[in-house]
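Worksheet: one structure, shown below.
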Amino acid sequence: MILRTDKLTVGYGKRSVVSDINVMLMKGQFVCLLGPNGSGKSTILKTIVRMLSPLGGEVYLNDRKVVQMSNQEMAKTTAVVLTEPVSAGLLTAYDIVMLGRQPHSGLISKATIKDREIVIDSLNMVNAGNVAQRYFSELSDGEKQKTLLARALAQEPQLIVLDEPTSHLDAKHRIEVMLILRQLTREKGVTVIASLHDIDLAVKACDVAILIKDGYVLACGMPEDVLQEEMVTQLYGMGNANFNRHLGGIELKSKQTGAGIFVVAGAGTGSSVYRILIKHGYTITTGILPENDIDYQIAESVEAATIKSQAYENMSHDSYLTALKLLGSSRQVIDAGFPVGATNQPNIELLKNALKSNKLVHSLRNREQSERLFGTSSNKFLYSHDFFELISAVKKAEQT
Amino acid sequence: MAMNTVTTEVFLARRWKRYTSVLLLFSVGVCLFLVLNIVLGSVTIPLGDTFKVIFGNTASDEAYSSIIQDIRLPRALGALLGGAALAVSGLLLQVFFRNPIVGPFVLGISSGASFTVALVLLGSYLAGMTAVSSLTLSLAALIGALLVMGVVLAVASKVRDIITLLVIGLMTGYVASAASSFLVAFAQSENVYRFVIWTMGSFSGFRWDEVLILAIACLVLMAFSYLLAKPLNAFILGEDYAHSMGVNVKRFRYLIVFISCALAAVVTAFAGPVAFIGLAVPHFARLSLGTSDNRVLIPASILGGAMICSLCDLLARMLFAPVELPVSATTAIFGAPMVIFFLVKGKTTI
C-alpha cells in the first residue's frame, strides 16, 4: 500500500470541499478521480501532495503521516504534474527534466552520469527524446505535457499525482499520455493518481475510479463496476445526455415531445441519422431494432422511442404492429439503408406500408438495391446520397 | 527519435562551450572598461604613468597619483561592484516573481532610501544644520533601504501569494515616494537640487572605505545567491512545482528577498538609485547564454552587470565632459531600448 487516506477532509481555510475520504492506493495502480468541475478533485490531489493542509483526517504515504515528512523525503517519493500552464523561460526540455533530479542531489553538486541517464531514460519513456534539446516554451502542448511527465519520472517517485493531465491535449496526445501512465504503472510499479475529465479514457485505462460528487466520495472501485449508466448520469448531473457503458461514450438525448421522424434502421446505419436529427432538434422514433443491434444501444442512450425485438429472435408480430402505429403518427420516415436479412423482413414491410400510405419516406439506400427490395414502389422514395442531402430534405419537408 | 548518451554529451558540450565563451567575453569586457575608466578622464594622464600608479609605483606627477588612486580607481571599482550587485539582485527578483520587467527596486528599496536621504538633506535645514557629509547620506540611504526591506521581509513569509508581496513592495515604495515629495515641497531649492541629483545615482566621489564595504557585502551576498541557483531553477516552474521538488518555499522566499534587497540597499547607499542595470542585464545575460539556468546566469549577470555599469559610468563621465551626467541617464538610455529589444524579440522571459 502506497497511499492511504483516513477520514480525510479537504478544503480551503474553513470551507471543506470534500469530506470523509477513505481510499487506499496500491503499488502499481492507475487511479483516476472523476467528478464534475468544482467537485474538489484538485483539492484532494493538492492535499495529498501537501500543497494544502487537510482540514481533518490524515494522509499516509507508505504508512507514514505526510504532515510529518520533510520536503526532501516527500519529493523523493512523490512527484506532481499540475494543470496550470508552465512558462519556463529559456530552459530546454532536457533542463526541465533535469530539475526532477534535484531532490536526489546536493545544493551545488553537478549532475552525475547517473542523473543524466535517468533524464535520458525518462524522456525516452514518454517518447519525448526528440524534443530534449529544444526550448520548452517552443514545444506543443502535447510535447510540453510529456516533458513535465518525464520530469516527474526523473524524480524516481513511487507515486505520481497528476491534475487533469489530458485537458489541453488533442486526441492523439490524450491517448498517448494515458498509455504512458498505464505503462508506468505496469513496468515500473509506479502508482498513478490523476484527475480526469474523459470518462471514456478513464474506463479504458484506469484500474480504480474514485467518483467525487457533492462533497463526498460517491463511489470507488474498478471503473467497469463503478461507471454504470445511472452512476455517471448522477455524477455529472447530466440532464440532456446519457452515458453508454458499452460504447464508453456519451450520447445527447432526443427531444421527447411532438410527432417525430420514424427511422427504420439496423446494424449501425441508424447511429449517424439519430445524431443528426437530434442536433437539428427533431423527435425520433425508431424500430424495429433487435436488442443486440448497435443501433439499439444508441437509440436507448439518446432516449428515442424505440420498438425493440429480442436478441437472436425473429421480430415478433406484436412489435411490428406497435411500430406500424408509431410510424403512422410520424410526420416523416427515413430508411437508413440497413442490410436486409431473414430476421428483419418486418422492417421492409414497415417501409412498404409507409410508401403505400403516401408518407414522405427518405432513403439513404442506393436505387438498384431499392428496386430489388421494393419493386416499382421504389420510385416513391426521396433519395439522399449523403447526410447533408438527407437533413436538407427533412428540413424542407418540415417547412411545407 | 530516441535520445542517447552520445547525442546528449554532444549537446551538453556544445552548450558548455557557449557558456564559457560568453563568460570569457564578459570578463574581457569588464577588464577593458575597468582600464578605460582608469585611463580616461578630464585630466589626461600618460598611459605609462597610469600603469605605474596602478602597480604601486610613483608617477611623474604627484597629482596623477592622487587622481588615479583616490578618484578614478575607487570610482571604477565602485561602478564595477555596483553593477554586478544590481544585476544579481534584479535576476533573483525576476525569477522569484516570474516577471521579466521586475528590477532590484521593485520592492521599494530605492524609494525607502530616497525618503531617508530627503529627510536628512531637506530636514537638516529645518534642524539648523548646514552641511551634510556624503557619509551621512550613505548612512541615511542604507537605513531607509533596510527599513523598507524589513517591512517586505516581515510580510514575505506570511502572504500566500508572491504577487501580493510584489504589490506590498510597490505600495511601500509609493508611500515612501509620497513622503519624499512632501519633504521636497517644504525644502530649500538648493537642497532640492542636491536631492534630485542624488536620486539619479552617481558613482562619483566613491572612496576606498566605501569600496571595501561594498566589496565585502557583495562578495558575501553573491556567494550566497549562488547557493540558491538550484532551488531558483526549480522556481522557474512556479512555487508549487518548487515545493514538490523539495524546496522549502517559505525559507526560500525569505532568503531571496533578503539577498536581493540587501544587494540593492548597499549599492543605493553609496551610489543612489542606479536605474535599469538590474532590469536589463539579466535579460542580456540570458539571451547571450541562451539559457535560464541560474547556475550560469548568476555568474554571467555578475560579469555583465560589472561590464555594462562600467561602460555606463564611463559614458556618464566622458560624453559631455566636463559636465557629468547622472549615471541613471546613461543606463536608461542604453537599458530601455535593450529591454524593449529583448522582450519584443520574444525570446526572453525569466
Beyond 14 Å, what percent of the Cα pairs of region A:41-100 remain?
63 percent
Using eta = 0.890 mPa s and T = 25 °C, Stokes-Einstein with Kirkwood Rh from Cα pairs puts D for region A:246-400, in µm² s⁻¹, at 160 µm²/s
Taking one equal scatterer on every alpha-carbon of region A:188-243, how large is log10 of I(q)/I(0) by Debye at q = 0.17 1/Å?
-0.54
Taking 7 Å along the Cα-to-C-beta vector as the label spot, tell me the residue A:252-residue A:26 distance in nanometres, rounded to one decimal.
4.2 nm
Whole-Hz ³J(HN,Hα) from phi, Karplus 6.51 cos²θ - 1.76 cosθ + 1.60, for region B:212-219, glycine and proline x:
4, 4, 4, 4, 5, 4, 4, 4
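What's the long-distance tail for region B:50-104, i.e. % of Cα pairs beyond 16 Å?
Of all Cα-Cα pairs in region B:50-104, 56 percent lie more than 16 Å apart.
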What is the distance in Å between the Cα centres of region A:147-194 and region A:306-375?
50 Å
For chain B, set up a GNM with springs between Cα atoms under 10 Å and report which of B:104, B:273, B:231 has the largest fluctuation.
B:231
Over the Cα atoms of region B:148-209, how large are the radius of gyration and the largest Cα-Cα distance (Dmax), in Å?
16.2, 45
Rounded to the nearest 5, what % of DSSP beta bridges with both residues in region A:126-219 are antiparallel?
40 percent
Hey, what's the Cα Rg ratio for region A:237-330 versus the globular rule of thumb, 2.2 N^0.38 Å?
1.02
Largest first and in whole Å, what are the equivalent-ellipsoid semi-axes of region A:291-383 based on the Cα gyration tensor, each being the root of 5 times an eigenvalue?
21, 15, 13
Report, to two decimal places, the Cα Rg of region B:136-271 normalised by 2.2 N^0.38 Å (N = number of residues).
1.24
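Based on alpha-carbon positions alone, could you give the equivalent ellipsoid semi-axes of region A:12-125 from the gyration tensor, as √(5λ), descending, whole Å? Provide the component values of the computation, followed by the final result.
On the way: eigenvalues 180, 60, 43 Å².
Semi-axes from the Cα gyration tensor: 30, 17, 15 Å.
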Within region B:19-41, find all residues whose amide N lies under 13 Å from a label point positioned 7 Å from the Cα of residue A:110 along Cα-to-beta-carbon.
B:20
List B:124, A:363, B:138, B:244 from most exposed to least, where exposure is judged by having the fewest other Cβ atoms within 10 Å.
B:124, B:138, A:363, B:244
Output the pairs from B:17/B:230; A:7/A:27; A:144/A:172; A:144/B:345; A:114/B:17 with a Cα-Cα distance over 18 Å in this structure; if there are none, say none.
B:17/B:230; A:7/A:27; A:144/B:345; A:114/B:17
Report relative contact order for chain B in percent, whole number only (criteria: Cα-Cα under 8 Å, sequence separation at least 6).
29 percent
Using the Kirkwood radius over Cα pairs, work out the Stokes-Einstein diffusion coefficient for region A:60-177 at 10 °C and 1.306 mPa s, in µm²/s as a whole number.
108 µm²/s
Mean shadow area of region B:229-348 over all directions, Cα convex hull, nm²
8.1 nm²
Cα-based reach from residue A:396 at 21 Å (exclusive), listing lysines while leaving out same-chain residues under 8 positions away:
A:255, A:279, A:359, A:380
Which are the unpartnered cysteines of chain A, meaning those with no other cysteine Cβ under 4.7 Å from their Cβ?
A:220
Using R₀ = 25 Å, calculate the FRET efficiency as 1/(1 + (r/R₀)^6) where r is the Cβ-Cβ separation of residue B:51 and residue B:319; round to 0.05.
0.50
For residue A:240 and residue A:291, what is the calculated FRET efficiency with R₀ set at 25 Å and r taken between the beta-carbons, to the nearest 0.05?
0.50
If each of residue A:6 and residue A:230 carries a label point 7 Å out from its Cα toward its Cβ, how far apart are those two points in nm?
3.5 nm
For A:317, A:197, which order do you get if you count the other beta carbons within 10 Å of each Cβ and list the fewest first?
A:317, A:197
How big is chain B by Rg and Dmax over its Cα atoms, in Å?
21.1, 78
Counting only C-alpha contacts under 8 Å and six or more residues apart, can you give the relative contact order of chain A as a whole percent?
13 percent
At a 10 Å Cβ-Cβ cut-off, how would you order A:213, A:146, A:188, A:114, fewest neighbours first?
A:114, A:188, A:213, A:146
Would you please state which residues of region A:81-107 a label at residue B:9 would reach in this model, taking the label point 7 Å out along Cα→Cβ and a backbone N cut-off of under 17 Å?
none
Spatial separation of Cα centroids for region A:266-294 and region A:6-42, in angstrom
39 Å
For region A:63-106, list residues with backbone N below 13 Å from a point placed 7 Å from the Cα of residue B:295 toward its Cβ?
A:95-106
Throw me the Rg/Rh for chain A, computed over C-alpha atoms with Kirkwood Rh, two decimals.
1.13
Using alpha carbons only, what's the Rg to Rh ratio of region B:21-151 with Rh from Kirkwood?
1.09
Just to be sure I understand: of the beta bridges DSSP finds with both ends in the protein assembly as shown, what percent are antiparallel, rounded to 5?
40 percent
Where does the Debye-calculated log10 I(q)/I(0) of the protein assembly as shown sit at q = 0.05, 0.06, 0.08 Å⁻¹, using only Cα point scatterers of equal weight, no solvent?
-0.42, -0.56, -0.80
Provide, as a two-decimal number, the C-alpha radius of gyration of region A:179-307 over 2.2 N^0.38 Å, N being how many residues it has.
1.25
Of B:318, B:338, B:90, farthest towards positive along the dipole that unit charges on Lys, Arg, Asp, Glu beta carbons give the protein assembly as shown:
B:318
With each label point set 7 Å from Cα along the Cα-Cβ vector, what nm distance links residue A:322 and residue A:186?
4.3 nm
Antiparallel bridges, percent of DSSP beta bridges restricted to chain A (to nearest 5)
40 percent
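Since every read-out is calculated from the coordinates, none of them should be taken as a lab result. Keep in mind the model is a prediction, meaning the values are calculated, not measured. Cβ coordinates were reconstructed from backbone atoms using ideal geometry, including for glycine residues, and neighbour counts include every protein chain displayed.
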